[in-house]
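Trainee: Okay, handing you the structure first.
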Amino acid sequence: MIKLDNAVEIRGLCKSFGSFGLRDIDLDIPRGYVVGLIGENGAGKTTLIKCITGANLVDSGTISLFGSQDRKGTEGRVGVVFDECHFFQQMNGEQTGKLMSSLFPNWDDARYRSLMSSFGIPLDKRIKDYSRGMRMRIQVAVALSHNPDLVIMDEATAGMDPAARDEFLDLVMEYMQDEGHTVVMSSHITSDLEKIADYIVFIHQGRIVMNGPKDEILENYGIVRGSEPAVLAIGRENIVSIKRDEFSTSALVRDRNGVAEAYPELVVDPASLDDIMVMVIRGDAA
């Protein structure tokens, strides 16, 4: 990424759980942007998010928030939506709001109530009786109601229907009207990230394999399809990964326009984020 004023800076991060671990993660998250995290289940997205939020201690490396490695004073500046709701399950929405108001000095109760109403979540219903989608939405309501500078969301749209997801994306864009705000958002629904993300970070097997502006990634990456000899003729130096099927071969390339110009006889299609993930995860390295 271009060097900007960063909300988060990560250097040399390692975190192991048995045979799995994040390895040598270097990452800048620029202030004022939406950064999307993609990757397969078990790739390390949730582990990275928990390291950034302090829920997991790192084995080595450093994490700076707003220019400092000292977490004191940053708690209220960070809103978090985890993939599982950890609020007190016996509390209802009303009680949860009162608890949060005692924890966050910038708590906006009117904002919280408005979001809960917009999400269709009754304040008198206990969290344990919420659906999964409702539990995710109350986390979003809390995260956006204490005026944080950075919001980190792990699969926040999980369990939401398309209309609720569209409303959620509108809320993210509304939050981002303040140029000092930053969002880090992981999602398996990559079409959501294609709509709102400025940067994409692709984590695969505990490592960052792609990191850059979303528009540049979607403009430059492509998929070449054809017979294996024809695909390999473009040169392995141009190929990120290869996927062989029964009747054809596909190759992910970083410069689809250059390949299309040099090899006009080949079919070179644009690659979506889903396409890129599938080709890296299921394909073979060039």
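Trainee: List the strands (runs of 3 or more DSSP E) that sit entirely inside the stretch 232-286 and contain at least 3 residues that are closer than 16 Å to Leu218 by Cα.
Mentor: Answer list for the stretch 232-286: 249-253, 267-270.
Trainee: A follow-up question, please. Being modelled with pLDDT of 95 or more and of a type outside the set (Asp, Glu) narrows it down to one of Ser191, Ser186, so name that one.
Mentor: Just one listed residue meets the conditions, Ser186.
Trainee: Go through (1) surrounded by 17 or more Cβ atoms within 10 Å (Cβ to Cβ); (2) touching a helix residue (DSSP H, G or I) at 6+ places or on another chain (Cβ under 9 Å) for Gly44 and report which single condition fails.
Mentor: If we test Gly44 against (1) surrounded by 17 or more Cβ atoms within 10 Å (Cβ to Cβ); (2) touching a helix residue (DSSP H, G or I) at 6+ places or on another chain (Cβ under 9 Å), just (2) comes out false.
Trainee: Among (1) surrounded by fewer than 16 Cβ atoms within 10 Å (Cβ to Cβ); (2) farther than 24 Å from Val151 by Cβ; (3) of a type outside the set (Val, Ile, Thr), where does Ala271 come up short?
Mentor: The single condition Ala271 does not satisfy is (1).
Trainee: Is it the case, given these coordinates, that Pro213 is in contact (Cβ under 8 Å) with a residue 12 or more places away in the chain and under 26 Å from Thr47 (Cα atoms)?
Mentor: yes
Trainee: Report those strands (runs of 3 or more DSSP E) wholly inside the stretch 7-82 carrying at least 1 residues which are polar (S, T, N, Q).
Mentor: 60-65
Trainee: Exactly one of (1) touching a Ser or Thr at 6+ places or on another chain (Cβ under 8 Å); (2) open to solvent by 60 Å² or more (accessible area, probe 1.4 Å); (3) free of Cβ contacts under 8 Å to residues at least 60 places away in the same chain; (4) in a helix (DSSP H, G or I) is unmet by Arg225. Its number?
Mentor: (4)
The values are calculated or read from the model by the stated rules, or taken from the named source; none is laboratory data. None of these values were measured; they are calculated from a predicted model. Ideal geometry is used to build each Cβ from the backbone, glycine not excepted, and the neighbour counts take in all protein chains shown. Accessible surface is based on the protein model in full, side chains and every heavy atom, while ligands, DNA and RNA are left aside. Shrake-Rupley method; radii C 1.70, N 1.55, O 1.52, S 1.80 Å.
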